[in-house]
Amino acid sequence: MIRVYALFFAALLLWPLQGASAAENWESTVDVGRAENFPAPRALQATYGFGWNGFTAATAEVNFAKADDGQFHLRAAGRTVGLARTLWKFDVAYETAAAADTLRPISLKQSESTRSKQIVTELAFDANGVTRKRIEKPAKGKPSKTRRFDLPNLFDLQSALLYLRSQPLEGGEVHRLVVYPTTSAYLATVTVAGRESISVPAGKFNAIKLNLQLSKISKDRKLEPHRKFRRASVWISDDADRMILRIEAQIFVGTVFAELQSVRFDNAKL
């Protein structure tokens, strides 16, 4: 997940909601985040490949497990590869924790490194919103930045996916979530498009197809369009694991995708 979940989020969430009434009343349409009675995800180690217009550009390794502290932990590391790395060296490390009983986010840390600098972003979630700390290295005289965004029922990307996989996900089902991936909040509308078979490098799976929409939430809680994204779809396995199989998005530079390359389930603890 190059930019681990940053790229993942870009592919997951897409174009703005249409219509003045949706923009004006959007807060009343948001899911409150009640998890349904669905089997908890198994511990796993997975590899994903990322590309653009059919060209593989990055890879990432993902480790997920429930820790002894009663939290779901996800750790991932991604990097550009091949020609893409020659043009743009990029490495990312990502850690996030969510409460296993409520599926609410707790914390997130993301470190992004290029040839010239490193940016570390830390998020701390509570019942009323999120506090963000952002540090750039070398600082070059710039102090670390701390920001606060207040809005109940926030998700980060891991907790949003945990919540969605807990739902029935019947055809036509719609969920609206406020997601804060690293630096901004977004209103994501997820619609269950149906079920189909899909093949990825990890194998052939029965899948649930999800279509997604995105609007950015401004500081004064107004919806703003995201001009870079056209449309996107996500396929998750139609089984008790409900893991991400493929993400495909049409954006302003073409088609970007992420695919499951391999997966191993085990009882390992992080």
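The values are calculated or read from the model by the stated rules, or taken from the named source; none is laboratory data. Note that the coordinates shown come from a computational prediction; the quantities given were computed from them, not determined experimentally. Positions of Cβ are backbone-derived with ideal geometry, glycine not excepted, and every protein chain shown enters the neighbour counts.
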Q. Only one of A188, A202, A207 is farther than 16 Å from A249 by Cα, touching a residue at least 12 places away in the same chain (Cβ under 8 Å) and buried (at least 20 other Cβ atoms within 10 Å of the Cβ); which?
A. A207
Q) What are the residues in the stretch 34-65 that are assigned to a strand (DSSP E or B), surrounded by fewer than 19 Cβ atoms within 10 Å (Cβ to Cβ), out of contact with any Lys or Arg (no Cβ under 7 Å at 6 or more places or on another chain) and touching a residue at least 40 places away in the same chain (Cβ under 8 Å), if any? A) T47, G51, W52
Q.
Suppose we keep only residues that are modelled with pLDDT under 95 and either of a type in the set (D, E) or closer than 22 Å to L87 by Cα (or both) within the stretch 120-137. Which one would you say is nearest to the chain's Cα centre (by Cα)?
A. E136
Q. Identify, please: which residue in the stretch 51-103 is modelled with pLDDT under 95 and in contact with a Leu (Cβ under 7 Å, 6 or more places away or on another chain) and is, among those, nearest to P181 (Cα to Cα)?
A. L103
**Q.** Residue match in the stretch 116-132 (condition: among the hydrophobic types (A, V, I, L, M, F, W, C), touching a helix residue (DSSP H, G or I) at 6+ places or on another chain (Cβ under 9 Å) and part of a strand (DSSP E or B))
**A.** yes
Q | Which listed residue, of E259, E248, is at pLDDT below 95, more than 27 Å from G129 (Cα to Cα) and surrounded by 15 or more Cβ atoms within 10 Å (Cβ to Cβ) | A | E248
